[in-house]
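Peer 1: Below is a structure I'd like to ask you about.
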Amino acid sequence: MTLSMRRTALILASAMFMEQLDGTVLATALPSMAHSFGVDPLHTSIALTAYMVALAVFIPASGPVADRFGSRTTLMAAILIFLGGSVLCAQADSLSALTFARVLQGMGGAMMVPVGRLVLLRTVPKPLMITAMAWMITPASIAPLVGPLVGGALTTWLSWRWIFYVNVPVAVVGLLMTWWFIPQIRESRPVPFDVRGQCLFGIGLGSFVLLLELAGRGDTQGRTLLELLGLCLGCMVLYARHATVTAAPAVDLSLMRIATFRISFLAGGFSRVTVGAMPFLVPSFLQLGFHISAFQSGLVTFAAPVGAMVTRSGARRLFHRFGFRRVLIVNGVLTGAACLAITAFRPGWPPASLSGLLLLMGGLQALQFMGYNTIAYADVPQARMSAATSLYSTLQQTTLSLGVCLAAATLAITRALRHHASSTPGDFSVGFLVAGLVALLAAPTAALLSPRAGAELSGHAARTQREQPTSDSH
């Protein structure tokens, strides 16, 4: 892999890191923000929901926008929008102002991730794709794991407003590096933008994410949830009909006919549900069960990104030797088992004992995402890469949001059934149990892959062919 390819991957990773980090550090600062605004801490969850809804709504538009205006221009505009939203968040004097600024941040974040992945897919040869994805994904995968540590430190020693101010220097560097090094890639004949389809799909998906968020809180009226469900189903049915008669729909659902893309989404979706749940479950479990501070819990969870960094160096060799199918099956089982093992931890145990398990989980999850994020595009034609990155990024965000909502709903239901006034370590154990069982579903789904799936990317088939004469001679 050339220096320019690594540089491109790291520039894109920095944008993804900023977007992913911002989505996780906020959770630890919500009580402090509620105190500043003089509102109930429960109401500040709208700041999280607004961001997720904006991501879900605007991600499908990222591919067509990049095709029309160019990858460099779109990425720089996305960083600028995200930067502007960050500054407005830091200066917000009310919950309403913060919510508006979070929507603006979500618009920028929605463009950064899929456009960055599209640049990589169009500039890196397929045999080097695993290595390139490792360079781009590993830094970004660290963000959700270090988020609680960064958020706790900034809120404790400075102010919650610094959570947003730290985005300013990162964004400025990202703008300069994008201008100097990211190629301007655009379609010579971009397809017309599907405004009607974008509105239908965006409203449908946005209402779905909002429905999940409100349902997970457990304090929303049933009528409101039913109205959101009706809006979601109605928009999605209308979009499905619209997509069948539109030459270039906003979201090309026909990509699901490609086996590697479909299986990557399904199996990777189970894994992402678990990944979405863990940053929500682990810090609270440590603070409530082990009675340690938010910053101390962040120190414990920091073992996970260390595991992710270690895995990056050996990922390509694993896929080359064993192929995507075998690695993803075994890795899926190990990831689920590691998550289930957390249910055995109890108060009184040294918190550092959990760090070893999180170290293992961080490495397994990084390997999982390198595999699925790479093989998803193995059989996608070059002309459909833009549509594929938009759809895949949308599905990724939705499943990560589902993980948070599933964890919250599991805790709420368990606490209600056990008549607990607040969540206990035993309640969190049920949350880890559910997350682990969902993670295990990735293994049988990955088994649906062909043994030769992604062979051009991993080189596994070529290796097998070279070894075949040797085995025959015996």
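The values are calculated or read from the model by the stated rules, or taken from the named source; none is laboratory data. Just so we're clear, the structure is a prediction, and the values are computed from it rather than from any experiment. Cβ: placed from backbone, ideal geometry, glycine included. Neighbour counts: every protein chain shown. Surface accessibility is based on the protein's heavy atoms, side chains included, excluding ligands, DNA and RNA. Shrake-Rupley method; radii C 1.70, N 1.55, O 1.52, S 1.80 Å.
Peer 1: Please give the length that would be gained between Leu433 and Arg196 if that part of the chain were fully extended, namely 0.36 nm times their separation in residues minus their C-alpha to C-alpha distance (nm, one decimal). Each step should come with its number before you reach the end.
Peer 2: Details: separation 237, 0.36 × 237 = 85.32 nm, distance 4.16 nm.
Result for the pair: 81.2 nm of gain on full extension.
Peer 1: Which ³J(HN,Hα) values, rounded to whole Hz and listed in residue order, are derived for region 339-348 from phi using the Karplus coefficients 6.51, -1.76 and 1.60 in 6.51 cos²θ - 1.76 cosθ + 1.60 with θ = phi - 60°, glycine and proline given as x?
Peer 2: Values per residue, Gly and Pro as x: 5, 5, 5, 5, 4, 7, 6, 9, x, x Hz.
Peer 1: Give me a comma-separated list of calculated 3J(HN,Hα) values for region 407-418, in order, Karplus coefficients 6.51, -1.76, 1.60 applied at θ = phi - 60°, integers in Hz, x for any Gly or Pro.
Peer 2: So the Karplus estimates, Gly and Pro as x, are 5, 5, 5, 4, 5, 5, 5, 4, 5, 5, 5, 8 Hz.
Peer 1: Here's another thing I want to ask about it. Given 0.36 nm per residue, what is the gain on full extension from Arg317 to Phe69 after removing their alpha carbon distance, in nm?
Peer 2: Gain on extension, Arg317 to Phe69, equals 85.5 nm.
Peer 1: Could I ask something else about it? Roughly how many nanometres apart are two label points built 7 Å out from the Cα toward the Cβ at Val306 and Thr156?
Peer 2: Label at Val306, label at Thr156, 1.8 nm between them.
Peer 1: While we're on this one: Choose one of Ser353, Ala304, Gly332: the residue whose Cα lies farthest towards the positive end of the charge dipole of region 232-384 (beta-carbon charges +1 Lys, Arg; -1 Asp, Glu; about the Cα centre).
Peer 2: After comparing all options, I get Gly332.
Peer 1: Using a 1.4 angstrom probe on the protein heavy atoms only, line up His35, His420 by accessible area, largest first. Can you show the working numbers first?
Peer 2: On the way: His35 160, His420 60 Å².
Per-residue accessible area, sorted high to low, gives His35, His420.
Peer 1: Once ligands and nucleic acids are excluded and a 1.4 Å probe is used, how much of Leu55 is accessible, expressed in Å² to the nearest 10?
Peer 2: Answer for Leu55: close to 0 Å² accessible.
Peer 1: Just grab the label-to-label distance for Arg452 and Trp349, each label 7 Å out from Cα along the Cβ direction, in nm (one decimal).
Peer 2: Rounded to a tenth, the inter-label distance reads 4.6 nm.
Peer 1: Given the whole protein assembly as supplied and a 1.4 Å probe, what does the accessible area of Ile413 come to in Å², nearest 10?
Peer 2: In the full protein context, Ile413 sits at about 100 Å².
Peer 1: Note the full-extension length gain between Ala259 and Ala77 as 0.36 nm times their separation in residues minus their Cα-Cα distance, in nm to one decimal. Walk me through the numbers before you get to the answer.
Peer 2: Working: separation 182, 0.36 × 182 = 65.52 nm, distance 3.39 nm.
Result: 62.1 nm gained on full extension.
Peer 1: Could you report the accessible area of Asp93 in Å², rounded to 10, computed with a 1.4 Å probe on the protein chains as they sit in the structure?
Peer 2: 130
Peer 1: Measuring from label point to label point, each 7 Å out along Cα→Cβ, what is the Arg418 to Ala240 span in nm?
Peer 2: For Arg418 paired with Ala240, the spin-label model returns 3.9 nm.
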